1. Just for the stretch 401-419: of the residues that are open to solvent by less than 10 Å² (accessible area, probe 1.4 Å) and touching a Gly at 6+ places or on another chain (Cβ under 9 Å), which one is nearest to residue 312 (Cα to Cα)?
2. Among the candidates 530, 525, which residue alone is open to solvent by 60 Å² or more (accessible area, probe 1.4 Å), over 16 Å from residue 674 (Cα atoms) and either at pLDDT 75 or above or of a type in the set (Val, Ile, Thr) (or both)?
3. Please state which one of 31, 54, 71, 59 is more than 30 Å from residue 123 (Cβ to Cβ), modelled with pLDDT under 85, open to solvent by 80 Å² or more (accessible area, probe 1.4 Å) and not aromatic (Phe, Trp, Tyr).
4. Anything in the stretch 31-87 that is assigned to a helix (DSSP H, G or I) and among the small types (Gly, Ala, Ser)? List them, or say none.
5. So, of the residues in the stretch 261-281 that are open to solvent by less than 30 Å² (accessible area, probe 1.4 Å) and assigned to a strand (DSSP E or B), which turns out to be modelled with the lowest pLDDT?
6. Please pick out the residue among 258, 245 that is closer than 22 Å to residue 307 by Cβ, in contact with a helix residue (DSSP H, G or I) (Cβ under 7 Å, 6 or more places away or on another chain) and modelled with pLDDT under 95.
7. Filter the stretch 123-135 for residues that are closer than 18 Å to residue 41 by Cα and assigned to a helix (DSSP H, G or I) and give the result.
8. Kindly indicate whether any position in the stretch 387-394 is of a type in the set (A, V, I, L, M), open to solvent by 10 Å² or more (accessible area, probe 1.4 Å) and not in a loop (DSSP other than H, G, I, E, B).
Amino acid sequence: KDPSAPSCDVSEFLLQVLTDWSSKYFELLLQHNPPISRKSWLNDAAESLSLQRQNQNQQLEFQRAQGIRQQHKAIPSSVDLLTRPDCMDDLLALSCDVCELGPNYASLFWSKQDATIVISEVEKLRHADNSLFSGYVDLLASLALDAPEKVHGYLCGEGPMRGSKNSTTWTSVLKIVRYYVVSLLNKGSARTAPEDTEQSNQSTAYYTVDDNMGSGSSMGDTRTKSSSSSSRASELGQDNTLILSSHLRLIDVVARQSGEARAYLRKLTLPINNGGMNNGINFTMESTAVGTDSLWRILFMLASTPISPELRGLTFHSLSSTMKGSTLDEIRQAWELVEDSGILPIYKLLNGFPTPIVEGTAPRIAFPPSSMSRVKEKHCRSWIKANPIYSLLYEMEYIEASLGFYPSTCGFLHLLRELIQAGGCPVDLGKSWRARTGCAPYLEYVIDLVLPRATGTFGNLPSLPFRSSSDRSQLIAAALSVASACLRRYIVPEFSREQEPALSQSFSQGKKHALELLSLQSLVDCTVSDVEESEFFTFLYDFMDHLPAQISPDGAQTLQNQLIVPPGVPKPKSPGFLILAEILNRTDGPLQKVLHTLLQEDVGLPDDVDKYLLSMAVYGAVPPTMSSAKAGSNYLLKNLLLPLKIMDGTSVDIAASHCKSCSQSLLEILCSAATREKSFVLALEAYKGAGDCLPVVKFQERPSTPTLKKIQASQISQLFCGRKEMETIVAFVGHLADDEVAVLQAAMGLLFYFETVSKSSLLPEG
């Protein structure tokens, strides 16, 4: 065999054959004989049973009148779902799954002609049958993985069927999302859903991950109790959940991959009218417009409504996808929306200084009754009581912890990362109502709470429960990515006796020094990014007690107004300064403990990932729900069968991806800190008072004013030079797959740094 010939992977070949067949089969059925939908089949089957019962009753009455006694075959009381044929819903689900394998597979579902035949045909079917609505929108999102610009153009009005008033557009997508916001905020409105009103009042099905395991009650008991709740109308039913999640996913996928779509969606608005609603989702145009709703405002309002953690996390992901490439003014607006939403209880726990409670500052986030019922179950100990006033912290500690995975928390962490990457953080954020301004509360939430709780370094409390190591890696990677983004955007000023530091000089010196230490230009580009001059002035103010002379008078006045703080409150610091001080400080802070803990863990995929393959072999595609087990079986279920249970969204590939992201963020944080440590130490020495104001935050139910500690900066080579840490870094080099180049580069750069700084080998023997 010719070594230069391209290799052919067997699994890739089989997937390509499957995709080619399924795409042709899909298009052929759509154009000639599309199958019936699942809901239509269920209605037809139920009607058939009803007719059979009517005929049997008539026969019984006739035989009774004639005095005839004859045995009749029993007619089932309900439809046998096992007799259901493959329906249009299954065909859409198969197509979506195949498209999600990658862009190469999704491309085969596009017609070779200019007209998007597949989309137009499915849209015709969904207009004829509303039960296919969520499947149709999911297909749009899956096709966008290959051609986001095509899907964006289609939703903007470019393509077939544009003459129909019912065609799907970005405006209609946003209207449907806003409809659910209004319905969830007004509990009585939840009964009039845009689609599938028949099941809109049923208890949600997205909390059925063994909902009553260990409680000894069945799922039917839970639904009975839920129906008696006065707030039950604020919950979404299963079909409405699918519709809302499909629309959020469409926004997320298209915006993530298309800059044109992101710019369009950021400008998209809906009128706010003083009239009512028409046909469920369309606001009456005859009423007077009193304002406009933007996409961001609608999504932030949705994140504050009683929805599941999965939906809230998807909402945060949709927000972060639309924020890429935003201007500084737009990022400023997004930060203010984060503050106004009350998602984090800053006024209650994260502020740390006396703050007057003004109207609108309390968290407005709400939770469905089905999630509230989870707090009664036994779970790991927490540092706060089960009180929804703690909003996102309550959801992580009680709701997501009972599930074993953290979609809402991960989504919010991704949102914070995107905000910091796109435009940093305003130093006067929250100035209108809290004494301690800036992003410090959000960073403390990440480095002093989420990371320690995930790694088991939060006081005497055990680690948060995880259903698998993959979910643990996902949460840790999301939190580490926030810290990495802060460091990447932070430029330590290069102080000299002759002149004040300038942005261009500090940036060029920082990249030059990073290249000397890490030796890899691609790694330097990943750890050092350029910033605006106005943001660099805030970096200078981290160390200086006065504004730099090089700033313009107008800029000086603006910055001075932003940095005014009440007496007794330390001046706000840049996010990068706080992260760097936590890592380089000689005292063992929360972030430093987390990094040490992660560097002492084994490299590679944990063994528990293999259990999913074993469970698939045991149960096939229909794993047991375990929700109807009796109390006497709880011990066997929890200790024997639960470790083999299939979890949604978990596979070897996904686990490997989360593990890789965690490793990459960990190593990039250390590389970023290593390249800035020298300049940071020199800046602290030049301005002695800059290192006296690092708050010591203690998360407790009744927080006290944080104490301030002095920064005693050290070097990465001294803080992380233990034998186990070095063995782990070396293991990253030899344990990586071909596609993990970023992790390999970060590990190699870190080893080169240790060699350069120490002038002697720190590598473990052997």
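1. Initially, the stretch 401-419 is screened for residues open to solvent by less than 10 Å² (accessible area, probe 1.4 Å), giving 401, 404, 406, 408-413, 415-416, 419.
Checking which are touching a Gly at 6+ places or on another chain (Cβ under 9 Å) leaves us with 406, 408-412.
Working: 406: 10, 408: 5, 409: 9, 410: 10, 411: 8, 412: 9 Å.
Result: 408.
2. Working: 525 fails: over 16 Å from residue 674 (Cα atoms).
Being open to solvent by 60 Å² or more (accessible area, probe 1.4 Å), over 16 Å from residue 674 (Cα atoms) and either at pLDDT 75 or above or of a type in the set (Val, Ile, Thr) (or both) holds for just one of 530, 525, which is 530.
3. Numbers: 31 fails: more than 30 Å from residue 123 (Cβ to Cβ); 54 fails: modelled with pLDDT under 85; 59 fails: modelled with pLDDT under 85.
Residue meeting the stated conditions: 71.
4. 40, 45, 46, 48, 50, 65
5. Of the stretch 261-281, the ones open to solvent by less than 30 Å² (accessible area, probe 1.4 Å) are 261, 265, 268, 270, 273, 280.
From what is left, the residues that are assigned to a strand (DSSP E or B) are 270, 273.
Values: 270: 90, 273: 67.
Across the stretch 261-281, the extreme among qualifying residues is 273.
6. Numbers: 258 fails: closer than 22 Å to residue 307 by Cβ.
Going through 258, 245 in turn, just one is closer than 22 Å to residue 307 by Cβ, in contact with a helix residue (DSSP H, G or I) (Cβ under 7 Å, 6 or more places away or on another chain) and modelled with pLDDT under 95: 245.
7. Start the filter on the stretch 123-135 by keeping residues that are closer than 18 Å to residue 41 by Cα, which leaves 125-135.
Correct list: 125, 126, 127, 128, 130, 131, 132, 133, 134, 135.
8. Initially, the stretch 387-394 is screened for residues of a type in the set (A, V, I, L, M), giving 389, 392-393.
Those still in the list that are open to solvent by 10 Å² or more (accessible area, probe 1.4 Å) too: 389.
Pick out the ones that are also not in a loop (DSSP other than H, G, I, E, B) and you get 389.
Yes: the stretch 387-394 contains one or more residues that are of a type in the set (A, V, I, L, M), open to solvent by 10 Å² or more (accessible area, probe 1.4 Å) and not in a loop (DSSP other than H, G, I, E, B).
The values are calculated or read from the model by the stated rules, or taken from the named source; none is laboratory data. None of these values were measured; they are calculated from a predicted model. We place every Cβ from the backbone using ideal geometry, glycine too, and count neighbours over all the protein chains shown. The area values use the complete protein model at the heavy-atom level, side chains included, leaving out ligands, DNA and RNA. Shrake-Rupley method; radii C 1.70, N 1.55, O 1.52, S 1.80 Å.
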